[in-house]
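Peer 1: Structure incoming, see below.
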Amino acid sequence: MNEMRERLLGLTNANELPFRARGEHHTRLEAFCDAVLAFAITLSVLSLEVPHDSTELLNMFRGMLSFAATFIILFWIWSIQNRGCRRFGLDDIRTHWTMAGILFVALVFTYPLKFMMGSYLDPLLGAHTMEMHHEDLSRVYALYSCGFSALTGFFWSLYRRAWDLRDVLELDEPERFDTKQQMRTFRVQAVFGVVLAALLVVIDIPHEWPRPLRLTLLLSALVGVLAVSAYLLHVVYRLQRDKKAFLAKWHARGSHDAKEELA
């Protein structure tokens, strides 16, 4: 039974690097994270009350799209957190605070996420219960950009901790390669969120400020967003290219070793 569990935990497809599962036992930290994220999903449900008639039932289902979108984002957060726990099995103080940061951001942004998704998606099904005021758009998006940056920053911290302990965890070559890739991806995403938030804050500068100053700040922020966006696309492309090259080399090495064993 233990052997089959290890095989299932370490199972990868042809496009994924092999990664051993070190966190095979469900710790109290993971149980706490699962409970908090489950609570966050509960807060975003269609309705906390049972509908009293068919009209209320239909109105409730008009919020289905916003709930689905919020659920997917929260599940994405849980998936990355769970993957890190399964891979590394870390249970130290730094990991505790990193997980606390992830949960804090998830809880703080649960209702805002539901509001954002509801204001855009629910009208598609005839619901108009949430309204986004045009004058608040830049500040709202800046808030979400900061939340995204904080979340990806905590994900980076989780993988950075594993990288610092790579010798203790006995990470092999594919695991080190994949860990470094994840760190680079999360780092660029966090920087992108910060730069985008800066642009949105600049857009919201009061009109009383001198026009040349406002234009200079806006242009600088816009150039920064475009530069970071281009760099993010470049990093994603290069990571995928490097991953394919590493996988090809790794599979070729495995085939060669298998032939030598047969010989």
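Peer 1: Between residue 26 and residue 52, what length comes free when the chain is fully extended (0.36 nm per residue of separation minus the Cα-Cα distance, one decimal in nm)? Walk me through the numbers before you get to the answer.
Peer 2: On the way: separation 26, 0.36 × 26 = 9.36 nm, distance 4.04 nm.
Length difference between fully extended and current span is 5.3 nm.
Peer 1: Would you tally the net charge around residue 123, using a Cβ to Cβ cut-off of less than 15 Å, leaving residue 123 out, and scoring K and R as +1, D and E as -1?
Peer 2: Details: positive: 62, 114; negative: 122, 131.
Net charge in that neighbourhood comes out at 0.
Peer 1: Pulled fully out, how much extra length does the chain show between residue 204 and residue 140, if you take 0.36 nm times their separation in residues and subtract their Cα-Cα distance?
Peer 2: Numbers: separation 64, 0.36 × 64 = 23.04 nm, distance 1.07 nm.
Stretched fully, the residue 204-residue 140 segment lengthens by 22.0 nm.
Peer 1: Still on this structure, please answer the following. Please find the FRET efficiency linking residue 252 to residue 68, where r is the Cβ-Cβ separation and R0 is fixed at 41 Å, and quote it to the nearest 0.05. Mind dumping the intermediate values first?
Peer 2: Numbers: r = 42 Å, r/R0 = 1.03.
The pair residue 252/residue 68 has a calculated efficiency of 0.45.
Peer 1: Just add up the charged neighbours of residue 171: K/R +1, D/E -1, any other residue whose Cβ is under 12 Å from the Cβ of residue 171.
Peer 2: In short, -1.
Peer 1: Using label points projected 7 Å from each Cα along Cα→Cβ, tell me how many nm separate residue 237 and residue 45, to one decimal.
Peer 2: 4.7 nm
Peer 1: Additional query: Would you tally the net charge around residue 231, using a Cβ to Cβ cut-off of less than 14 Å, leaving residue 231 out, and scoring K and R as +1, D and E as -1? Please report the intermediate quantities before stating the final value.
Peer 2: Values: positive: 184, 187, 238; negative: none.
Net charge around residue 231: +3.
Peer 1: Place a label point 7 angstrom from the Cα of residue 168 along the Cα-to-Cβ direction, then list the residues of region 17-33 whose backbone nitrogen is under 16 Å away.
Peer 2: Correct set: 22-23.
Peer 1: Please state, rounded to one decimal and in Å, the Kirkwood hydrodynamic radius that region 138-263 gives when every pair of distinct Cα atoms enters the mean of 1/r. Working shown, then result.
Peer 2: Values: mean 1/r = 0.0575 Å⁻¹.
Taking every pair of different Cα atoms in region 138-263, averaging 1/r and inverting gives 17.4 Å.
Peer 1: Here is a follow-up. Quick check: residue separation of residue 100 and residue 245 times 0.36 nm, minus the Cα distance between them. What number comes out in nm?
Peer 2: Working: separation 145, 0.36 × 145 = 52.20 nm, distance 3.62 nm.
Working it through step by step, the gained length comes to 48.6 nm.
Peer 1: Another question, then. How far apart, in nm, are the 7 Å Cα→Cβ label points at residue 92 and residue 120?
Peer 2: For the pair residue 92/residue 120, the computed spacing is 3.9 nm.
Readers should treat all values here as calculations from the given coordinates under stated rules, not as data from a laboratory. Just so it is clear, the model here is predicted, and its values are computed rather than measured. Ideal geometry is used to build each Cβ from the backbone, glycine not excepted, and the neighbour counts take in all protein chains shown.
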